[in-house]
Amino acid sequence: MPDWIIHEDKYEEADGVLLGNRYLVGNGYVGIRGTLEEYKADKLPAINLAGIYDRVGDNWREPINLPNACYSYLRVDGDIYTLPEREPVSHRMELSYRHGLFSRTTTWHTARGNITLSTERFASMANVHIIGMKFAITADFHADVELLTGIDTDVWDINGPHLENKVMEDENGSLRVIATTHEQHKTVVVCESVKVNYAGESKTTVKDDKILHRLFFVTKPGEKYTAEKFVTIFTSNDGPDPASKAVSLNRLSAERGYEALKDEHVAVWEELWSHSEVELTGDEQAETALNYSLYHLHSIAPRHTDSLSIPARGLSGQTYKGAVFWDTEMFMLDFFLMTDPKTARILMKYRIDTLDGAMKKAASYGYDGAFYAWESQEGGYDACSDYNVTDVFTGRPMRTFFKDKQIHISAAIVYGICRYAEWTGDNSILDHNGVKTVIECAKFYYSALLKHVSGRDIYELHDVIGPDEYHERVNNNGYTNRMAKFTFESAVKVIKNAMDEGTLPKEYDGLKLVEEFTDAAEKIYIPQPSAEPGHVGVIPQFDGYFDKEDASLSQVRDRIINEKEYWGGAYGIASDTQIIKQADVVTWLNLFSREHDREELRTNWEYYEPRTEHGSSLSAGMYAMLACKIGEPDKAYPFFIKSASADLRGGGKEWAGLIYIGGTHPAAAGAAYMTAVEGFAGITIENGKPVCHPSLPKSIKAMKFKIFYQGKEYLVNIEGDKGTIEGL
Ligand code: BGC
């Protein structure tokens with residue numbers, strides 16, 4: 001049985017950044033990187049806040065890292081004891097991914113004896129505005145100890161500084177920092193107080209951008225000295241007067257005490273796991289990696305609101321601008337649909353509520369309807385820049401086309417909304433604005449169609465980028481076209497239904513739209529398997545794909561001049577070859593596998609896999625899922641493990657030049673879940689009911705988990721190739 005603990009048993013300074021991601025704790029409102037309390041901004045600590053963004057000058061807009069209220073360190077006999085400056089006798093770091101508890105224990109040798117500092121912290125799941133922390137200090141001598149803990153306002157920022165007008169206050173030992181964001185002048189308040197179990201002097205100091213308690217005491221050998229710390233956070237997004245809210249919640253938290261708050265937090269985690277834990281008997285590695293992935297998804301789910309989504313790097317920092325991508329709908333949504341449908345609704349509501357932003361974007365490119373942000377921030381603002389990559393050779397920004405050409409994003413929104421409605425049975429998502437969202441996305445594709453090019457009786461989509469971002473501005477990317485067809489078909493259903501119910505928003509001419517979208521769905525060109533020797537049965541990813549050089553991945557890799565060079569774009573080493581960044585045709589076939597026979601699925605999997613760099617963490621999961629659908633769970637397995645271990649093992653790209661681009665990988669976590677539940681267990685809906693068609697890889701002997709479907713919960717039990725589903 002896994003113990004739901006991951007740990008490091010020694011200190012390696014170089015691992016700090018990676019561990020910041022791996023040991024993250026969060027509650028959807030904040031994510032606290034798994035860094036040590038003594039770390040200053042250069043070591044990338046962060047309390048990353050969901051949903052508030054800021055822009056300084058022409059820099060990229062990104063989310064805020066709050067003043068670091070976990071900041072703490074020890075002074076013993078007048079000397080500072082911190083890592084990495086003082087080599088420890090021993091050091092251990094732990095994360096309970098069952099309960100979102102981060103802890104560390106470090107022992108140092110001093111001139112007069114050994115001293116041990118242990119800390120524990122959590123971002124409360126019971127009340128997202130609270131962070132709880134506990135310190136325990138023991139020494140084997142009469143040490144003169146000073147525990148310094150408070151708030152460090154010198155935070156790590158990629159494109160900051162975002163916080164201005166910083167005020168640091170001490171009100172009777174309760175410390176607070178109030179600041180405003182640069183662009184929109186939003187107020188951010190962080191408040192903290194400390195309760196100690198020993199008698200000792202205490203002072204407050206304000207120095208070097210930090211406001212700190214200085215807690216003095218002398219240890220008796222072997223005795224434990226503890227301190228509890230309560231951090232409360234509010235912003236103007238949480239309603240009026242965030243400062244009083246933070247202060248009064250802080251007082252209340254201190255009254256209740258660390259253990260009571262922790263119990264409440266743990267109880268919420270237990271409740272979440274009671275619906276979402278996946279048991280994989282026989283394969284502890286897979287079970288650990290999978291549930292650890294689910295831990296991350298839970299930790300960043302915006303349960304505290306009714307409309308917000310999850311950034312591509314979760315709440316692990318400011319990389320990817322804290323923006324929301326297609327990752328949510330296509331990779332993470334299913335996990336929430338099946339284990340926590342309320343959260344799934346919050347995610348989809350965010351898209352419906354950002355329709356205006358999408359309509360403005362469409363209009364700015366001369367389209368009708370809704371063209372969703374490739375990198376969505378609040379209000380649907382597209383944070384993607386026209387120059388999203390810096391060329392390593394010239395140091396110049398490179399023109400990239402993700403924002404203007406990755407039009408498959410709007411279909412992902414429709415896919416998410418329709419899947420939500422179907423899976424949960426909650427059609428209220430398709431109220432006025434929900435229907436509008438689907439229709440406007442269909443209108444967008446309709447306006448992008450090229451009809452009868454060269455006299456052919458088909459409609460095409462030209463000049464796009466598919467999921468494989470290495471090939472820019474291609475015509476008829478199969479994934480994009482198939483998703484556009486799906487959008488037209490979905491819009492027709494939604495419109496007909498709204499017309500029947502008399503709920504179609506007045507501004508639409510339902511009959512005309514049904515006619516146009518039906519025609520578009522029929523005529524949009526869907527690339528077909530090739531009959532040409534060399535790639536019989538293979539669907540070309542886009543027009544002319546097979547004319548690209550068929551170099552192997554290793555041949556292309558050998559052409560690298562600088563290990564950080566970008567593989568796509570105008571001069572990218574992959575651009576003129578058949579090497580692709582991530583699953584593209586395979587993503588399409590996975591979503592619509594029922595429209596293709598097994599042989600066709602297999603032929604395409606086998607053709608594309610060796611030509612895929614898997615340069616995105618989104619890729620492996622799609623290959624894993626399609627392998628399951630081909631009936632090859634053992635072939636799926638290594639891709640599943642790769643996807644499930646994206647944050648446990650790391651290994652993804654962390655730096656682009658001097659720019660940190662790492663963070664957690666929630667889409668890979670979501671894909672791992674889908675592979676286990678929809679792939680290995682084969683959960684699908686037949687005749688309005690969930691059924692399973694298990695096909696387990698060799699190492700997994702049995703599976704047990706629960707899923708929600710249309711408001712009802714089911715227990716799924718799989719042993720070998722047999723499975724049962726029982727309504728609860
Ligand atoms: C991938 C995109 C993905 C984004 C965020 C990129 O590297 O190519 O498909 O949406 O990362 O995860």
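The values are calculated or read from the model by the stated rules, or taken from the named source; none is laboratory data. All figures in this text were calculated on a predicted structure; none of them were measured in a lab. Ideal geometry is used to build each Cβ from the backbone, glycine not excepted, and the neighbour counts take in all protein chains shown. SASA here: full protein model, heavy atoms, side chains in, ligands and nucleic acids out. Shrake-Rupley method; radii C 1.70, N 1.55, O 1.52, S 1.80 Å.
Below is a table of values for the structure above.
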read-out	value
Cα-based shape type of segment 237-315, given that a ≥ b ≥ c are square roots of the gyration tensor eigenvalues and the cut on a/c is 1.5	oblate
Solvent exposure ordering (accessible area, 1.4 Å, most first) of HIS162, HIS596	HIS596, HIS162
Semi-axis lengths, Å, segment 5-274, gyration tensor of Cα atoms, sqrt of 5 times eigenvalues	28, 20, 20
Relative contact order of segment 146-251, defined on C-alpha pairs under 8 angstrom at six or more residues apart (%)	28
List HIS304, HIS471, HIS99, HIS432, ordered by accessible area with a 1.4 Å probe, largest first	HIS432, HIS304, HIS99, HIS471
Charged-residue dipole, Cβ positions (Lys, Arg, Asp, Glu), the chain about Cα centre, Debye nearest 20	620
Computed label-point distance, nm, for sites ASP140 and SER447 using a 7 Å Cα→Cβ extension	7.4
Partners for LYS166 among lysines (Cα-Cα distance below 19 Å; same-chain residues under 8 apart left out)	LYS40, LYS186, LYS207, LYS210, LYS245
Scattering curve values for segment 277-727, log₁₀ I(q)/I(0), Debye with Cα scatterers, q = 0.07, 0.08, 0.10, 0.11 Å⁻¹	-0.33, -0.43, -0.70, -0.86
Full-extension gain in nm, THR724 to ASP509, via 0.36 nm per residue minus C-alpha separation	72.7 nm
Area accessible to solvent at ASP457, 1.4 Å probe radius, in Å²	100
Bins of 10 Å from zero: percent of alpha-carbon pairs in segment 366-412	26, 46, 21, 7
Sequence-distant aspartates and glutamates (8 or more away, or on other chains) whose Cα lies within less than 17 Å of LYS701	GLU277, GLU279, ASP283, GLU284, GLU287, GLU632, ASP634, GLU678, GLU719, ASP721
Relative contact order of the chain, pairs being alpha-carbon contacts under 8 Å that are 6 or more residues apart, as %	11
Label-point gap, in nm, between ASP356 and LYS712 - each point 7 angstrom along Cα→Cβ	4.1
Normalised alpha carbon radius of gyration of segment 337-492 [divisor 2.2 N^0.38 Å]	1.09
Local net charge near SER253, Cβ-Cβ under 15 Å (Lys/Arg +1, Asp/Glu -1)	+3
Burial order of peptide ranges 611-617, 358-364 (average beta-carbon count within 10 Å, highest first)	611-617, 358-364
Scaled radius of gyration (Cα, divided by 2.2 N^0.38 Å) that segment 437-562 gives	1.34
Kyte-Doolittle mean at least -1.0 and Cα axial length at least 20 Å: DSSP H helices in the chain	242-256, 258-276, 284-299, 408-424, 432-448, 478-501
Average projected area [Cα convex hull, segment 1-115], square nanometres	9.3
Selection from CYS418, ILE151, PHE639, by position along the positive dipole direction of the chain (Cβ)	ILE151
Computed P(r) (all Cα pairs; segment 123-247; 5 Å bins; percent)	2, 10, 18, 19, 18, 13, 9, 6, 3, 1, 0
Per-selection Rg to Rh, segment 541-623 - Cα, Kirkwood hydrodynamic radius	0.99
Rg/Rh ratio calculated on Cα atoms of segment 584-686 (Kirkwood radius)	1.01
Proximal lysines to LYS706, defined as alpha-carbon separation beneath 23 angstrom and excluding residues fewer than eight positions away on the same chain	LYS342, LYS629, LYS689, LYS698, LYS722
Rel. contact order, % - alpha carbon contacts under 8 angstrom, at least six apart, segment 227-354	18
Out-of-range pairs (alpha-carbon distance over 19 Å; input LYS361/LYS485; LYS360/LYS451; LYS436/LYS512; LYS548/LYS581)	LYS361/LYS485; LYS360/LYS451
Trypsin sites (Lys or Arg not before Pro) restricted to segment 484-527 and DSSP loop, no more than 10 other C-beta within 10 Å	LYS506
Rg to Rh, two decimals, where segment 175-293 supplies the alpha carbon set and Rh follows Kirkwood	1.11
Cα Rg, Dmax (largest Cα-Cα span) when computed across segment 71-198, Å	17.2, 53
Net length gained if the chain between ALA363 and ASP263 were fully extended (0.36 nm per residue, minus Cα distance)	30.9 nm
Neighbour cut-off at most 15 other Cβ (10 Å), DSSP loop, GluC sites (Glu not before Pro), segment 72-160	GLU85
